[in-house]
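I have placed the structure first, in the form of structure tokens, so that the comments after it can refer back to it.
The values are calculated or read from the model by the stated rules, or taken from the named source; none is laboratory data. For clarity, every value in this text was computed on a predicted model and none was experimentally measured. Every residue, glycine as well, gets a Cβ built from its backbone with ideal geometry; the counts of neighbours run over all protein chains shown.
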Amino acid sequence: MTEAAAPEATQPAQASGPPLIRVLAQFVKDLSFENPGLFTSQPGAAAPEIELGIDVKVEPGPPQENIFSVELRLSARAKRQESVVFICELVYAGVVQLQDARREDVEPMLLIECPRLLFPFARRIIADVTREGGHPPLMIDPIDFVGLYRQQRQRAEAQQQQAAAT
């Protein structure tokens, strides 16, 4: 699980009010569902093992308008022993505008709060697609985006320390 670092924005150092996130649009950017194991699935068989992947990608828009594209990338691979039952990959995107955000708030807003807003919609799409594929709906547990952000920051700091040491 990785998260892309948020780009620097050109917000003023002092904000006039509490920071706000305006969701201007949200949509399915890419969706793939492969169902190679449908006929090998048997009623009463053990539940498949699910491997989940999570990634967040941020791309800046017009800096003077503080608009960003935030992509929540979810992938799920279901396996039973060595057989792949299904593979589902979704890129769910949101176009957001940050208002009254201080420079130090931009990255957490983009990598924690925006994915948190997009997640319920992406979760439902994956549940619907797996159900329509002939499987029980895959209900992904809530994701700790704060924890993922902290892990990403720790990895980045460790890499900076290693680079400084060499």
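A few remarks follow.
- Residue within segment 141-154 that is within 25 Å of L20 (Cβ to Cβ) and of a type in the set (V, I, T) present: yes
- Residue identified as touching a residue at least 40 places away in the same chain (Cβ under 8 Å) and either more than 15 Å from F33 (Cα to Cα) or of a type in the set (D, E, K, R) (or both) among S83, S69: S83
A quick yes/no check of all residues on (1) at pLDDT below 95; (2) under 23 Å from V129 (Cα atoms); (3) assigned to a loop (DSSP other than H, G, I, E, B):
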{"residue": "A9", "(1), (2), (3)": "yes, no, yes"}
{"residue": "L31", "(1), (2), (3)": "no, yes, no"}
{"residue": "T40", "(1), (2), (3)": "yes, yes, yes"}
{"residue": "E51", "(1), (2), (3)": "no, yes, no"}
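- Selection count, segment 117-166, where residues are over 16 Å from L90 (Cβ atoms) and touching a helix residue (DSSP H, G or I) at 6+ places or on another chain (Cβ under 7 Å): 3
- Checked across segment 94-106, the condition of being more than 14 Å from the chain's Cα centre (by Cα), under 21 Å from I143 (Cβ atoms) and either part of a helix (DSSP H, G or I) or of a type in the set (S, T, N, Q) (or both) holds for at least one residue.
- Matching option when the condition is outside any loop (DSSP other than H, G, I, E, B) and touching a Pro at 6+ places or on another chain (Cβ under 6 Å), among V56, V129, V91: V56
- Any chance F119 is among the aromatic types (F, W, Y), within 19 Å of the chain's Cα centre (by Cα), in a helix (DSSP H, G or I) and surrounded by 15 or more Cβ atoms within 10 Å (Cβ to Cβ): yes
- Failed item in (1) over 20 Å from A76 (Cβ atoms); (2) surrounded by 16 or more Cβ atoms within 10 Å (Cβ to Cβ); (3) among the charged types (D, E, K, R), with R155 passing the rest: (2)
- The listed residue being in contact with a Phe, Trp or Tyr (Cβ under 7 Å, 6 or more places away or on another chain) and either over 18 Å from G147 (Cβ atoms) or without any contact (Cβ under 8 Å) to a residue 60 or more places away in the chain (or both), out of R103, R123, R77, R116: R116
- Hey, L74 at pLDDT 95 or above and under 15 Å from L138 (Cα atoms) or not: yes
- Of all residues in segment 52-66, those satisfying the criterion of being in contact (Cβ under 8 Å) with a residue 24 or more places away in the chain, surrounded by fewer than 17 Cβ atoms within 10 Å (Cβ to Cβ) and more than 15 Å from the chain's Cα centre (by Cα) are P60, G61, P63, Q64, E65.
- Looking across segment 92-103, the residues that are surrounded by fewer than 20 Cβ atoms within 10 Å (Cβ to Cβ) and either among the polar types (S, T, N, Q) or touching a helix residue (DSSP H, G or I) at 6+ places or on another chain (Cβ under 9 Å) (or both) come down to Q97, Q99.
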